[in-house]
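Working notes, beginning with the structure itself.
Every read-out reported here was derived from the displayed coordinates using simple, explicitly stated rules and does not represent laboratory data. This structure is a prediction, so every number in the text was calculated from the model and none was measured. No Cβ is skipped: glycine too gets one built from the backbone with ideal geometry, and neighbour counts run over all protein chains shown.
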Amino acid sequence: MSHLPAYDLFWDDPRPEINWNTPDGRWVGIGGYDWVDLIGKEVLKLTDEFEYEVWQPDLRADKIYTHVFSNGLIRKLFPAEQKKKLYGIKKIKYTVSQSIYENLVKETRRNRVILRLGAPSFEINRNIIDLGLSCPIIIQYFGEFKGSLNDLFKFKRNMLAKINDIREHFVLKKIFDKVDFVQWKAQLLSS
């Protein structure tokens with residue numbers, strides 16, 4: 001999973017049922033109801049041939065936190081950090097997790113893995129694809145996909161971002177060449 005846990009949603013609520021205290025006085029937790037958790041639940045209903053794991057970066061995690069749900073779904077939170085980069089004249093944040101990268105390399109060397117990633121626009125997914133793992137990679141994307149070249153004809157206040165849009169178009173093209181399947185909404189495209 002490429003996005004961080006939505007801890008802000010719990011500011012006025014109790015923690016998720018699955019949670020741990022961290023050494024810095026905060027907590028990490030797993031709700032088990034993200035979209036990829038629901039996909040895993042359905043996959044595990046259909047077959048017991050696979051283990052299904054959801055790995056998620058977490059800015060609060062100081063180590064890898066793991067929980068196995070009663071249906072067999074394995075959920076892991078990995079230490080992560082946010083970095084910044086320029087997008088035109090704005091600085092934007094993105095997430096990286098050295099721990100996820102290192103553990104994916106080890107996991108794909110030890111076991112047969114099918115890797116499902118979300119949107120290729122997330123920097124963490126791009127970094128994973130660039131690892132050159134020896135496993136099938138599927139990008140499954142349900143959101144709005146904006147072909148960057150289409151954005152060139154739209155007005156933007158941040159005009160320098162248009163340069164990024166052109167670069168983004170070619171970066172995505174290279175990314176799609178490195179994956180085995182891309183599912184966008186209901187369409188399945190194979191490379």
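Let me know the longest stretch in the chain that avoids all GluC sites (Glu not before Pro) found in a DSSP loop with at most 12 other C-beta atoms within 10 Å.
For GluC sites (Glu not before Pro) (loop position, at most 12 other Cβ atoms within 10 Å), the longest site-free span of the chain is 50-143.
For the pair L9/D130, report the inter-label distance in nm, with labels modelled 7 Å from Cα in the Cβ direction.
3.0 nm
Taking θ = phi - 60°, what integer Hz values does the Karplus form 6.51 cos²θ - 1.76 cosθ + 1.60 yield along region 59-67, in sequence order, with x for Gly and Pro?
Taking θ as phi minus 60°, the curve returns 5, 7, 5, 9, 7, 7, 10, 10, 9 Hz for region 59-67.
Can you work out the Karplus-derived ³J(HN,Hα) for every residue in region 22-28? Use 6.51 cos²θ - 1.76 cosθ + 1.60 with θ = phi - 60°, whole Hz, and x for glycine or proline.
Result, ordered by residue: 9, x, 8, x, 9, 9, 10 Hz.
Near the amide H of V54, under 5 Å away, which other amide H atoms are found, from residues 5 or more places off or on another chain, if H is placed in the peptide plane?
Excluding prolines and chain starts, which carry no amide H, the hits are I74, R75, K76.
According to the square roots a ≥ b ≥ c of the eigenvalues of the Cα gyration tensor, what is the shape class of the chain, taking rounded for a/c under 1.5, prolate for a/b larger than b/c otherwise, and oblate for the remainder?
Cα axes put the chain in the oblate bin.
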